[in-house]
1. For the condition among the β-branched types (Val, Ile, Thr) and modelled with pLDDT under 95, what is the one hit in B:ILE62, B:ILE90, B:ILE72, B:ILE133?
2. Can you name every residue in the range B:30-86 that is touching a helix residue (DSSP H, G or I) at 6+ places or on another chain (Cβ under 9 Å), of a type in the set (D, E, K, R) and under 14 Å from B:THR7 (Cα atoms)?
3. Select, from B:LEU46, B:LEU63, B:LEU86, the only residue that is open to solvent by less than 70 Å² (accessible area, probe 1.4 Å) and within 18 Å of B:ARG113 (Cβ to Cβ).
4. Please state which one of B:ALA106, B:ALA76 is farther than 16 Å from B:SER18 by Cα and crowded, with 20+ Cβ neighbours inside 10 Å.
5. Would you be able to say whether some residue in the range A:18-28 is modelled with pLDDT of 95 or more and within 13 Å of chain B (Cβ to nearest Cβ)?
6. Scan the range A:59-81 for residues that are acidic (Asp, Glu), surrounded by 11 or more Cβ atoms within 10 Å (Cβ to Cβ) and within 12 Å of chain B (Cβ to nearest Cβ) and report the count.
7. Among the residues of the range B:49-67, write down those that are touching a His at 6+ places or on another chain (Cβ under 8 Å) and more than 15 Å from B:TYR140 (Cβ to Cβ).
8. Out of all the residues in the range A:59-67, is one or more under 19 Å from B:PRO52 (Cα atoms) and modelled with pLDDT of 95 or more?
Amino acid sequence: MKINVLLFASLKDIAGKGQLEIEVEGKCSVENLSKKLYELYPKVESFDSSVRIAVNQEFIEGDIELKDGDEVAYLPPVSGG
Amino acid sequence: MKVEITTEAIDPTVISSSVKNIEAGAVLTFLGTARKTSRGREVTYLEYDAYPEMAEKKMAFILGELKEKYNITDGAFVHRIGRVELGENIVVIAVSAPHSQEAFDACRYAVKRLKSIVPIWKKEVWADGEEWIGYEGELYE
């Protein structure tokens, strides 16, 4: 299945893009997806403890199973205003 | 209740007027603007990034909270993104409420919630560098 990954602010700068598609085999949780993302962009992992994750535009707590076509966003600490 | 993420300049007077109604005796508008000095450094300009769809959802959620907690009769929440020059408007939060106290409390709460749950990010650009800023104050989760 395909997961649509979104990166913002500092994470977007590291990856050089704000959007990518990650293809996964069989079942995949957010944690599994993060591992794949960190393999592609090792420096993104250093932000892991401060980054919040949103699935389909809602913050998640802990780990959840993903489904085909889900949109997973990696959000550094926000600083609007 | 209006929410918007925009790359265009924001006019606070238009937004402020839009929340007036005869149930309200108070209209309060918070206007956030781009400041020259930040943590001892001179800013050249600011750059905002956002997750626009989710940001607008969260802004609408906050206006809903204001209605529930502070009894506001209407509210509008507009945030600019992209490049913002010094002195330009960044964010407008306008609320109307029966009485001034509720309007003040609502605006103060909305600003804190903006800095806690709305996916918008500020980059400060100086003459010799730049940095994405993370909010360092107390979070209102």
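The values are calculated or read from the model by the stated rules, or taken from the named source; none is laboratory data. Remember, predicted model here, so these are calculated numbers, not experimental data. Here Cβ is always computed from backbone atoms with ideal geometry, including for glycine, and neighbour counts include all displayed protein chains. Heavy atoms of the whole protein, side chains included, go into the accessibility calculation; ligands, DNA and RNA do not. Shrake-Rupley method; radii C 1.70, N 1.55, O 1.52, S 1.80 Å.
1. Result of the check over B:ILE62, B:ILE90, B:ILE72, B:ILE133: B:ILE133.
2. Listed by number, the list holds a single entry, B:ASP49.
3. Unique residue meeting the criteria: B:LEU63.
4. B:ALA106
5. For the range A:18-28, residues modelled with pLDDT of 95 or more and within 13 Å of chain B (Cβ to nearest Cβ): present.
6. Result for the range A:59-81: 1.
7. Of everything in the range B:49-67, those that are touching a His at 6+ places or on another chain (Cβ under 8 Å) and more than 15 Å from B:TYR140 (Cβ to Cβ) turn out to be B:ALA50, B:ALA55.
8. Yes, that holds for at least one residue.
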